[in-house]
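A short write-up of the structure that comes next.
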Amino acid sequence: MTTLQDNKNATLTPPGAGNGHPESLTHPENQPDRVPAICGTCRSPFQAAVCWSPFEHGKAIARQLHCDPCTAAESMRRQREAQDARRERAEREMQYAWERICPVEYRATDEGGQTSVARLDADQPALDDITRHPLGPLGLILRGDTGTGKTRCMYRLLRAYHIQTPRPKIVAMTAGQFDREARDAAGTFTLSAWFSRLASADVLFIDDLGKGKWTEATSAQFWELVDDRTRNGRPLFITTNTSGENLVRTLGLQRDIAEPLLRRLREHCRAIICKQAVD
């Protein structure tokens, strides 16, 4: 909708014209002159604002085409369209970011994934407790047998964090991926940058900790990472099938690393045991 239109051929009679005084072409309170017109939207008569040519007496160079209520309604419509466009863009960006964090297997069905949240809620009684865990310095460890939905539950918690404003930086990986990335970073002289990315993330999730034996160098990097994050109040999120002592044995941790590591995890992480729902 256009509110003012160039009108080179329009010749109207401005108020006060004909008295011989050029200053009479300007409204006394710097308000535009108005002339009778028909609204281009609702076809109702109204007083249209008009701008007169300062060079050619009685010639209108721009004229209001729509009444004030229709102009205001059009302005509101455009504002709503702009707000809707911004919201849709933000939702697309959020979904794209989530897809980079969460594998399709663990995304909810309404996120384009394969996890039924209703079924997960029925199968895992601890889901509600897990998803209420607040984002703060206290991390979370989910322990339980294979098939109890630990990973799916943890990703539901991460999703709750992901939709917060401002959106936290989330890094999620499996224990095997952690080992591969640590070794690759060491071999390509990028270990410091890799470590900094994990240490500075608002949320760090390591899935299936203890599934597979790590190298001594990877274990040392994990201890340094746990130490750095807990000292700086950044939470750590872990899923595992094993208890503390078994975890030490499975990962092949040396005693000088194992004891302080377990102590840090117990002090800075809440633990929830995941069990299958009983019919």
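Starting from 0.36 nm per residue, how many nanometres of slack lie between D202 and R255 once their C-alpha separation is accounted for?
Numbers: separation 53, 0.36 × 53 = 19.08 nm, distance 2.92 nm.
Full-extension gain reported as 16.2 nm.
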Loop-only check: which trypsin sites (Lys or Arg not before Pro) in the stretch 56-137 are DSSP coil with at most 12 other Cβ within 10 angstrom?
R132
Shape category assigned to the stretch 38-129 from the gyration tensor of Cα positions, a/c cut at 1.5
prolate
Aspartates and glutamates near K213 by alpha-carbon distance under 12 Å, same-chain residues fewer than 8 away left out - which ones?
D179
Roughly what would the spin-label model give for E81 and D110, points 7 Å off Cα along C-beta, in nm?
2.9 nm
Under 10 Å, Cα contacts only: if you run a Gaussian network model on the chain, which one of P36, P166, P235 comes out with the highest mean-square fluctuation?
P36
With labels modelled as points extended 7 Å from the Cα through the Cβ direction, what inter-label distance (nm, one decimal) is found for E245 paired with F195?
3.2 nm
Straight-line reach check, K275, cutoff 24 Å on alpha carbons, 8 or more apart in-chain or any other chain, hits among lysines -> K150, K211
Within the chain, what's the longest run with no chymotrypsin sites (Phe, Trp or Tyr not before Pro) in a DSSP loop and at most 11 other beta-carbon atoms within 10 Å? Give the range, please.
56-188
Taking Cα atoms, how many degrees apart are the long axis of helix 150-162 and the longest axis of the chain, rounded to 10 and kept between 0 and 90?
30 degrees
With springs connecting C-alpha atoms under 10 Å apart, model the chain as a Gaussian network and identify which of L65, L198, L157 has the largest mean-square fluctuation.
L65
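How large is the helix-only mean residue ellipticity at 222 nm for the chain, computed as the sum of -39500 (n - 2.57) over DSSP H runs with n ≥ 4, divided by its residue count, in deg cm²/dmol to the nearest 500?
It comes out at -13500 deg cm²/dmol, rounded to the nearest 500.
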Compute for the chain: radius of gyration divided by Kirkwood radius, i.e. Rg/Rh, restricted to C-alpha atoms, rounded to two decimals.
1.38
Just to be sure I understand the model, the point goes 7 Å from the Cα along the line to the Cβ. What's the resulting A72 to Q95 distance in nm?
3.7 nm
Could you tell me which residue out of S75, H162, L191 lies farthest along the dipole of the chain toward its positive end? Charges go on the beta carbon: Lys and Arg +1, Asp and Glu -1, centred on the Cα centre.
L191
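We did not get these values from a lab; they are worked out from the coordinates using the rules stated. Quick caveat: nothing in here was measured; it's all calculated off a predicted structure. Glycine also receives a Cβ, built like all others from the backbone with ideal geometry; neighbour counts cover every protein chain displayed.
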